[in-house]
Amino acid sequence: MWLVWGFVGICMGSFVGVLAQRLPRGEDVIWSRSHCDHCKKTLAWYELIPLLSFVLQGGRCRQCSKKFSGKYPVIELATGCLWAVTALFSPATPLELGANLLIVSSLFVIFLADMAYQIIPDSMLVAASLGVVGKWVGGGVDIGQSVWSGIGASVFVLFLWIVTRGAGIGLGDVKLVLVMGLLLGFPGILFALYIAFLTGAGVGVILILRRKKSLKSKIAFGPFLLLGTAASIIWREQLLLFWHRLF
């Protein structure tokens, strides 16, 4: 069954790419037709079949023969993999599976948008939050703990934003951390933030040493927050065991 969801995810990957590209630029994502980035030709339905159209057309526009960006099939394939893995490890109930797929897709859009434009779309934060609520409805979640985890983590990151005057952290990150707390609860949010700050600092130092960035350069922090979120989910059981040994 997870293979079926992986195929559906590949099909949804095209829309994920559209959201990640258009939302940060304030463009319409529903009614506006897809077009070639070079000649602006509107693409027909058979030119938009996930993965297949890109392969059959040699990755080129049929009108101007210029190459399409390779990011499109990569995003489609990555979305399919995310959906397959989510379906494989999600509870069997349709509600929780749907909630998890919504969360994963929304956070992936945020990852792509922040990487490309350093913007975290509010609409995707709302979508991820709705997915979290869906998980709450499914039961087995301490809602009070999740809410306080989200508020506490968000206030902490907001404090850092004020102290640093927005250097390295944006208000979008503050809102993203709120959603992370709602999703992960406690102590998962602590582990996620630790991984985010550790990897973010490490990558920043490497880029500065390689002279790719300067001390005044801005680096998207959202992807590191999402990396921490993924790590907290994957190693949740080990984290809880370690936490209970400490306290």
### Query
Label-point separation (nm) for GLN238 and THR42, each offset 7 Å from Cα along Cα-to-Cβ?
5.2 nm
#### Entry: the range 62-79 and the range 104-183: distance between their alpha carbon centers, rounded to Å
30 Å
### Message
With θ taken as phi - 60° and the coefficients 6.51, -1.76 and 1.60, list the Karplus ³J(HN,Hα) couplings across the range 68-78 in order, rounded to whole Hz; mark glycine and proline as x.
### Response
7, 5, x, 5, 5, x, 5, 5, 5, 5, 5
### Query
Among ALA44, VAL141, LEU19, whose Cα lies farthest out toward the positive end of the dipole of the chain, if unit charges sit on the beta carbon of Lys, Arg (+1) and Asp, Glu (-1)?
ALA44
### Query
Roughly how much of PHE159 is accessible, in Å² to the nearest 10, using a 1.4 Å probe?
120 Å²
## Note on the structure
Length-normalised contact order of the range 1-93, Cα under 8 Å, at least 6 apart, in percent, tallies to 49 percent
### Query
Which value at 222 nm does the chain reach when only helices count, each DSSP H run of 4 or more adding -39,500 (n - 2.57), with the total divided by all residues and rounded to the nearest 500 deg cm²/dmol?
-23000 deg cm²/dmol
### Heavy-atom surface of the range 93-182, accessible at 1.4 Å and reported per residue (Å²)
47 Å²
### Query
Once both labels are modelled 7 Å past Cα along the beta-carbon direction, what's the TRP148-THR199 spacing in nm?
2.9 nm
### Task
Report the GluC sites (Glu not before Pro) located in the range 1-91 that are in a DSSP loop and have at most 16 other Cβ atoms inside 10 Å of their Cβ, or state none.
GLU27
## Note on the structure
Simple SL model, points at 7 angstrom along Cα→Cβ for VAL29 and GLN63; separation in nm is 2.4 nm
### Message
Counting just the Cα atoms, what span does the range 148-222 cover along each of its three principal axes? Round to the nearest Å and put the largest first.
### Response
40, 22, 15
### Task
Treating the angle as unsigned and between 0 and 90°, give the value, to the nearest 10°, between the Cα long axis of helix 171-184 and the longest Cα principal axis of the chain.
70 degrees
### Query
Taking only the alpha-carbon atoms of the range 9-99, what semi-axes of the equivalent ellipsoid follow from 5 times the gyration tensor eigenvalues under a square root, in whole Å, largest first?
28, 16, 10
### Message
Between the range 5-60 and the range 187-205, what is the separation of their alpha carbon centroids in Å?
### Response
33 Å
### Summary
If one compares the long axis through the Cα atoms of helix 122-138 with the longest principal axis of the Cα atoms of the chain, the angle in degrees, nearest 10, works out at 60 degrees
### Task
With the Cα gyration tensor of the chain in hand, give its eigenvalues times 5 under a square root as the equivalent ellipsoid semi-axes, listed largest first in whole angstrom.
33, 24, 16
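The values are calculated or read from the model by the stated rules, or taken from the named source; none is laboratory data. What you see is a predicted model, and the numbers here were worked out from it, not measured in a lab. Cβ: placed from backbone, ideal geometry, glycine included. Neighbour counts: every protein chain shown. In case anyone asks, the SASA skips ligands and DNA or RNA and just uses the protein heavy atoms, side chains included. Shrake-Rupley method; radii C 1.70, N 1.55, O 1.52, S 1.80 Å.
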